[in-house]
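Please read the structure below before turning to the comments.
Derivation of every value follows stated rules applied to the coordinates shown; laboratory data play no part. Given the structure is predicted, the values throughout are model-derived calculations rather than measurements. All Cβ positions, glycine included, derive from the backbone under ideal geometry; neighbour counts span all protein chains shown.
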Amino acid sequence: MLTILGRPHRYCDGVTRRSFLRIGALGIGAASLNLADIFRAEARAGSSTGTKSVINIFLGGGPPHQDMWDIKTEAPSEIRGEFQPIATNVPGIQIGEVFPRIAQLMDKCAIIRSIVGATGRHDAYQCMTGWAEKDLAPLGGRPSLGAVVTKLQGPVDPSVPAFVGLAAPTQHRPWSDPGSPGFLGPAYSAFKPDGPGLANLKLNSITVEQLADRRRLRSSFDALRRELDYNGVLTGMDASTERALGVLTSSKLLDALDISQEPEKVRARYGDGKPYQYQYDGAPTVNDQLLVARRLVEAGVRVVTLSYGRWDSHSKNFDLVRDHGSKLDQGLSALIEDLEVRGLLSDVTVIAWGEFGRTPRINRNAGRDHWPQVSCAILAGGGMKTGQVIGATNRLGEYAKDRPVHFQEVFATLYHNLGINPATTTILDPTGRPQHLVEYPVIRELV
């Protein structure tokens with residue numbers, strides 16, 4: 001919330017001097033911070049321009065690797081399940097039958113079948129940071145990719161946040177985590193445009209012209225204090241507040257969030273993911289958010305996160321995968337094609353993954369239970385060497401047989417794709433100690 005403090009004095013439009021700029025608040029996940037505070041923090045950290053982005057699609061609940069990207073045709077029926085593999089447009093690569101559209105885009109994708117290092121927690125933390133939640137917990141925990149990028153690179157456009165989290169609140173709240181700021185602090189939280197956050201992007205009962213008048217008024221009654229501002233603190237605050245006002249007076253972010261501006265044909269290609277099935281305490285299958293994500297990176301957002309579906313399939317696993325998988329097939333394929341058509345695919349890295357895999361053995365409720373030993377991910381774009389599968393599990397899908405890939409290797413690659421060198425870049429923790437972003441190298445097969 002933007003607020004300029006001073007003695008209460010009422011002007012002709014009924015707004016007090018103390019609160020005349022209290023016109024909008026952005027949902028940033030930290031009620032005690034206002035937008036100007038965030039911009040000041042970014043200014044201290046320094047920012048640079050750039051066009052590389054990441055869209056991180058969290059499949060909350062733990063998607064079943066052996067029913068999606070790693071079909072086990074040679075396993076016995078109690079492990080293999082109901083799905084058959086289908087050929088892709090890359091010879092020798094097969095994926096699950098519920099993904100026919102993605103199969104025809106495999107040359108633009110890469111599948112990792114051997115992700116290891118999961119802690120087994122039912123949350124998004126590792127898929128947002130690469131780290132275990134306990135790491136540096138006394139200092140606030142490790143910051144997410146979006147928070148780090150906001151710290152290191154800042155916004156591409158002053159009126160567009162660098163980091164946007166689209167996930168709406170879920171009953172199981174850890175599944176809607178957009179990515180924690182960790183020890184960097186709330187100033188580096190994701191902008192969350194759900195509910196009040198979206199409404200407050202609009203000027204409430206005030207025109208842009210009135211806002212300009214109030215901006216001039218603020219400058220005039222701060223003039224005396226500025227004359228006494230020998231150390232330049234107020235001057236810096238003014239610059240940050242001007243940037244905050246720029247967000248409110250710019251339509252760029254609000255326009256990016258408004259998919260009604262897209263042609264009906266484009267929206268139909270993505271679909272809306274409805275009717276929402278098997279949601280329970282998790283996220284809906286929000287295909288429309290994939291379209292929003294594309295619009296956001298096009299507007300200059302560096303990191304977009306969202307939570308797609310509720311994949312905790314302790315029962316009716318195959319019915320769930322048919323529902324969630326076919327919808328993801330439509331939305332993810334549309335996103336990849338859309339980015340390519342717009343010339344953005346080489347600059348935007350797309351990843352879809354969950355916190356762990358599912359048990360090889362099917363339980364008596366036709367479900368699969370938690371299996372942190374191994375999981376999978378699908379990536380696209382980002383200038384990577386696509387059209388390949390990395391790693392392999394054993395015949396039963398129990399563990400990584402070839403080329404285990406740690407969560408942090410994935411994050412090292414995402415940082416690399418964003419133009420950040422994960423091997424040499426550090427950020428200071430609250431004690432002043434430099435912390436490396438990850439402790440693993442990039443995935444050499446992809447870069």
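Assorted remarks:
- Orientation-averaged projected area, Cα convex hull of segment 52-147 (nm²): 8.1 nm²
- Couplings for segment 183-190, taken from phi via the Karplus curve 6.51 cos²θ - 1.76 cosθ + 1.60 with θ = phi - 60°, read 6, 6, x, x, 4, 10, 5, 5 Hz in order; Gly and Pro are left as x.
- Inter-label distance for Glu340 and Asp157, nm, one decimal - labels placed 7 Å from Cα along Cα-to-Cβ: 2.6 nm
- Under the simplified labelling scheme, the His122-Lys252 pair shows an inter-label distance of 4.1 nm, with each label point 7 Å from Cα along Cα→Cβ.
- Kirkwood Rh and Cα Rg combined as Rg over Rh, evaluated for segment 297-447: 1.00
- Packing, taken as the mean count of other beta carbons within 10 Å per residue, orders the peptides 372-385, 56-69 from highest to lowest as 56-69, 372-385.
- Scoring 103-109, 176-182 by mean Cβ neighbours within 10 Å over their residues and listing the highest first yields 176-182, 103-109.
- Under 24 Å from Lys134, Cα to Cα: lysines that are on another chain or at least 8 residues apart: Lys151
- Links that overshoot a 25 Å alpha carbon limit, given the list Lys265/Lys385; Lys274/Lys385; Lys72/Lys401; Lys192/Lys316; Lys52/Lys108; Lys72/Lys327: Lys265/Lys385; Lys274/Lys385; Lys192/Lys316
- Packing order of peptides 359-365, 184-190, 73-79, highest average first: 184-190, 359-365, 73-79 (average count of other Cβ atoms within 10 Å over each peptide's residues).
- Label separation (Ser315 vs Arg403): 4.0 nm, computed from points 7 Å beyond Cα along the C-beta direction.
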